[in-house]
1. Where residues in the range A:261-282 are at the interface with another protein chain (Cβ under 7 Å from one of its Cβ atoms) and β-branched (Val, Ile, Thr), which of them is nearest to the chain's Cα centre (by Cα)?
2. Among the residues of the range A:4-14, which ones are part of a helix (DSSP H, G or I) and under 22 Å from A:MET361 (Cβ atoms)?
3. Does B:LEU335 count as within 22 Å of B:LYS252 (Cα to Cα), out of contact with any Asp or Glu (no Cβ under 6 Å at 6 or more places or on another chain), at pLDDT below 95 and not small (Gly, Ala, Ser)?
4. In the list B:GLY55, B:GLY46, B:GLY65, which residue meets the criterion of being at pLDDT below 90, touching a strand residue (DSSP E or B) at 6+ places or on another chain (Cβ under 6 Å) and not polar (S, T, N, Q)?
5. Can you tell me which condition B:ILE258 does not meet? The list is (1) surrounded by 16 or more Cβ atoms within 10 Å (Cβ to Cβ); (2) in a helix (DSSP H, G or I); (3) more than 14 Å from chain A (Cβ to nearest Cβ); (4) not basic (Lys, Arg), and all the others hold.
6. Among the residues of the range A:195-239, write down those that are touching a strand residue (DSSP E or B) at 6+ places or on another chain (Cβ under 6 Å), within 23 Å of B:ASP177 (Cα to Cα) and among the hydroxyl-bearing types (Ser, Thr, Tyr).
7. In the range A:222-235, which residues are within 14 Å of chain B (Cβ to nearest Cβ) and at pLDDT 90 or above?
8. Residues in the range B:99-120: is at least one closer than 23 Å to B:THR146 by Cα, in contact with a helix residue (DSSP H, G or I) (Cβ under 8 Å, 6 or more places away or on another chain), of a type outside the set (Lys, Arg) and not in a strand (DSSP E or B)?
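The values are calculated or read from the model by the stated rules, or taken from the named source; none is laboratory data. These figures come from a predicted structure and were not determined experimentally. In this analysis, Cβ positions are derived from the backbone assuming ideal geometry, glycine residues included, and neighbour counts consider all displayed protein chains.
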Amino acid sequence: MTRTGFVIANMFRKKTRTVLTMLSIIMAFLLFGLLQSLSHIFNAGADFLGATRLVTQARVSFTQALPLSMVPKLEAVPGVARVAHSQWFGGVWQTNTQVFTFAVDPQRYHDVYPELVMPEEHWKAFADTRTAMIAGKQLADQYGWKVGQRIPLSSNIYPQKNGSKSWAFDLVGIYDGKDENWKKQTNAAFINHDYFDEANQVGKGRTNFYILKLAAGSNAEAVGKTIDAMFENSPDETKTQTEKEFNLSFIKQIGDIGLIVRWILFAVFFTLLLVVGNTMAQSVRERVPELAVLKTLGFSDRSVLGFVLAEALVLCLVGGTVGLALATVLGGMVGKATGGRFQLPVDAFVWSVGFAAILLMSIAVGLLPALRARRLNIVDALSAH
Amino acid sequence: MFSQVSAIIVINIKSIPERWASSLVIVVGLAGVVAVFTALLAMATGFEMTLKASGRTDVAIIMRGGSDAELNSGMDRDSTDLIKHAPGIRMGSDGKPLASAEMMVIAELIRKDEVKDGANITLRGVEPAAFALRPQLKIVAGRNFTPGLRELIVGRGVLRQFQGAEPGKTLRMRGSDWTVVGVFDSGDAYDSELWADVNVARTTFGRTGSSSVLAALDGAEGFDRLKRSLAADPRLTVDVMRQQDYFSGQTKQFRRTIGVLASVVTAIMALGAIFAALNSMYAAVAARSTEIATLRAIGFGGLPVLASVMVESLLLALIGGLLGAAIAYVLFNNLSVSTLGQNFTQVVFSFKVTPGLVVRGIVISLIIGMAGGFLPAIRAARVPVVDALRAG
């Protein structure tokens with residue numbers, strides 16, 4: 001029998017115990033995967049967003065709209081290549097489902113966001129049709145929207161001139177993301193700002209956000225400072241951040257949930273450590289005479305230590321991998337079920353943290369019993385029985 | 001029969017300390033499950049209690065139709081004047097309708113543990129009647145703002161969670177400086193707000209109208225009368241809600257989110273804990289097999305043996321559950337946190353570990369204990385006497 005075979009055979013010595021321990025580990029890593037993914041969202045935000053775009057909002061809050069008359073001033077700032085703007089519409093689909101809907105200038109938005117891909121004739125239709133709307137692929141898939149349909153959408157903020165809050169738009173295109181990360185960002189709809197501005201009853205010529213595409217080689221921080229200095233002491237003071245900072249601060253608004261998640265992770269891990277550690281200790285205790293026999297046969301102290309550690313590693317590795325795989329599947333299902341509005345990607349990052357945890361855990365639970373096995377005195381161990 | 005059961009149970013419980021390591025697994029495992037479950041639901045409960053306390057049934061809030069939240073609502077001066085003089089509103093001590101047209105905008109403050117990322121805070125411009133409409137709200141430090149001046153009073157919750165809003169400090173908003181002159185405490189959602197004179201706020205934020213009208217209702221019939229008359233007025237498209245309904249409506253989303261999170265996490269952890277408990281109880285039965293066989297040999301029945309294993313498992317589960325609830329209480333009860341509310345602004349609230357939650361946690365731990373104990377108990381009852389004695 002090979003050494004590997006020996007380790008595996010030992011694991012099946014008490015099938016019930018191995019299976020039950022394995023199941024506990026699977027559950028723990030399933031939870032670990034999901035929570036780590038959740039926690040990653042709160043801590044890192046959107047890593048794939050670079051510093052090539054700046055977001056300018058009103059300093060007091062982005063809910064306070066800025067005048068569109070700022071466009072030429074922003075365009076004149078050295079280092080700014082193109083300026084797009086985006087206004088929150090407060091879209092509501094059917095009775096009570098919020099749809100992320102923004103009123104934008106189609107051409108400007110297209111120029112600033114080359115990552116959103118759609119056939120050029122659809123972009124043209126978006127720019128040329130006053131009542132046009134484009135929707136992200138995830139969003140369109142969720143509600144079964146097709147190009148050419150008229151989409152009724154109400155706004156919980158803006159009434160039209162006739163006082164009605166029920167709007168309707170012609171869906172002229174469905175955009176997708178250029179890569180995996182951007183494909184996950186396709187849960188919003190965009191409408192034509194010109195039409196919105198004309199048809200709505202309140203607050204003309206304003207927008208919540210300016211998105212500035214930086215010229216190659218320009219310094220994001222310096223450009224941001226120049227802009228904020230330009231509007232200082234005016235009623236429309238600005239706050240300019242990189243797109244990444246903006247996203248992160250947005251996520252942070254949700255508050256201390258990230259902290260709570262870390263507490264749960266801690267509780268889960270502590271519990272798990274005890275459960276598996278105890279099982280390992282028990283298994284070694286029961287096998288004291290066998291280990292003594294192994295030593296009598298000439299196996300070194302080190303190889304006996306190796307056997308026990310290997311067993312812990314196999315147990316944690318198999319359980320951990322299955323658990324993380326389950327978490328990946330479940331996380332994907334969550335994203336699908338919510339139409340991409342809530343993403344729980346168990347990605348390469350979560351997997352690598354997961355594997356680190358598996359290794360750490362194997363050592364933590366295997367080391368004490370393994371050391372005990374190594375120190376074992378043959379005569380004492382055999383005579384006890 | 002009964003004496004047999006109790007005799008074995010006592011023997012068994014006394015022997016638990018000999019098997020402390022595997023017993024500890026059950027206790028710790030369940031303490032983990034219950035602590036997590038209780039803490040998560042204590043968060044939802046705290047949020048709910050804060051918002052519920054904010055609303056009264058004898059006060060109505062009126063917003064533009066279909067707005068859902070004050071943030072989305074806006075009404076011009078003519079509309080709010082019409083609303084204030086509608087029937088169904090109680091008169092104040094000054095003989096005028098007791099109603100306050102209020103404007104809500106969002107300002108940003110920086111959380112105490114952050115350096116630069118701002119969080120949204122409600123800035124509420126109020127009319128003098130606002131204070132009579134919220135008798136629970138008291139100025140606890142400094143003084144009230146002076147009408148006509150750029151002065152603010154801040155809620156206790158804001159002070160607790162965010163920096164730069166202490167009395168005497170100035171906040172810069174839209175190119176002008178505001179001085180914080182006082183602190184108020186209302187023990188509800190208003191504690192998460194900044195208050196100012198509505199007219200000064202309108203000028204600063206370039207608005208002319210209001211977000212909502214808060215009105216005291218005249219008797220039990222007041223609400224219906226007000227609602228009917230506003231619905232009948234062709235000049236108005238508004239939603240009328242009792243203040244309490246408005247606030248409890250805002251808790252739905254949060255309650256559901258936390259509820260889903262708590263159930264998923266608890267379910268997965270509970271499954272893990274059941275497997276661990278099964279493991280430990282099988283081990284306990286194996287360790288006791290000689291003892292059990294001896295008892296059977298001298299005439300004890302299978303049922304008392306089964307009962308003793310179940311009782312051991314339930315007892316350990318109970319200890320674990322109590323420990324978990326205690327951990328949740330010590331670590332989380334009254335912990336002050338904040339999150340985004342319906343108005344897209346921060347709501348400051350505290351965790352509340354209520355007796356009801358503790359009971360639910362313990363029930364869960366007992367269910368897990370029962371699930372983890374049952375199969376091992378059956379095995380114990382079936383221990384083959386001769387084999388077990390010979391092996392021992």
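1. If we take residues in the range A:261-282 being at the interface with another protein chain (Cβ under 7 Å from one of its Cβ atoms) and β-branched (Val, Ile, Thr), then A:ILE264 is nearest to the chain's Cα centre (by Cα).
2. Scanning the range A:4-14 gives A:THR4, A:VAL7, A:ILE8, A:ASN10, A:MET11.
3. Criteria met by B:LEU335.
4. On inspection, the qualifying residue turns out to be B:GLY65.
5. (3)
6. A:THR238
7. Matches in the range A:222-235: A:GLY224, A:LYS225, A:ASP228, A:ALA229, A:MET230, A:PHE231.
8. No, because not a single residue in the range B:99-120 is closer than 23 Å to B:THR146 by Cα, in contact with a helix residue (DSSP H, G or I) (Cβ under 8 Å, 6 or more places away or on another chain), of a type outside the set (Lys, Arg) and not in a strand (DSSP E or B).
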